[in-house]
Amino acid sequence: GKTVTVTIVPENGDDADYSKTVVYAEDLAVLRRLSGSAQKRAVAIRQISPAHLHGEGSIASGSGYIHTSIPYSAGWNITVDGRTAIAFSDVNGMMCFGITEGSHVIDMVYRPTGFTVGMIISAIAVILLIAYMFALGSRIRRYKKQDKEEAEEAKSIWR
């Protein structure tokens, strides 16, 4: 309910356009009260690992968003009751997704972008390495056999 005037004074050489600057202020008492009620409706995490979160969450009425403390990354796959939920970044860069009224089962699985391509490239590299090792092994055996034959021939010449 208070009006506050904020004056932005650019430093020398600062040519940024501050005409669309937005400043937010928070009433800490209201924030604490709302935070307490939000915590009562928080998602209960049932299973957690570095790449998977499984839990339950609910909204009493209407629809809303679940805001996480996880930085947004395109590698997250989120499902709510088995249906894909679209994740997006909030103003702080944290991951959010929509949820409707009622109780829901939420699964969040992380797979870095490029993971599948990286696995395919790695598998091809391992296959090529194994093929090279077999080819090298047969070549070594052939050279050993050839060296042995040459040694036998040299022995027979010197006798």
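The values are calculated or read from the model by the stated rules, or taken from the named source; none is laboratory data. Please read these numbers as outputs of a predicted model, since none were measured by experiment. For neighbour counting, all protein chains shown are included, and Cβ atoms are generated from backbone atoms with ideal geometry for every residue, glycine included. Accessible surface areas use protein heavy atoms only, side chains included; no ligands, DNA or RNA. Shrake-Rupley method; radii C 1.70, N 1.55, O 1.52, S 1.80 Å.
When Gly118 is tested against (1) closer than 30 Å to Val43 by Cα; (2) under 17 Å from the mean Cα position of the chain (by Cα); (3) open to solvent by less than 60 Å² (accessible area, probe 1.4 Å), only condition (1) is not met.
So Gly137 fits all but one of (1) outside any helix (DSSP H, G or I); (2) open to solvent by less than 90 Å² (accessible area, probe 1.4 Å); what number is the exception? Here Gly137 clears every test but (1).
Which ranges mark the strands (runs of 3 or more DSSP E) fully within the range 10-95 that have 1 or more residues being in contact with a strand residue (DSSP E or B) (Cβ under 7 Å, 6 or more places away or on another chain), modelled with pLDDT under 85 and open to solvent by less than 100 Å² (accessible area, probe 1.4 Å)?
Result: 44-49, 52-71.
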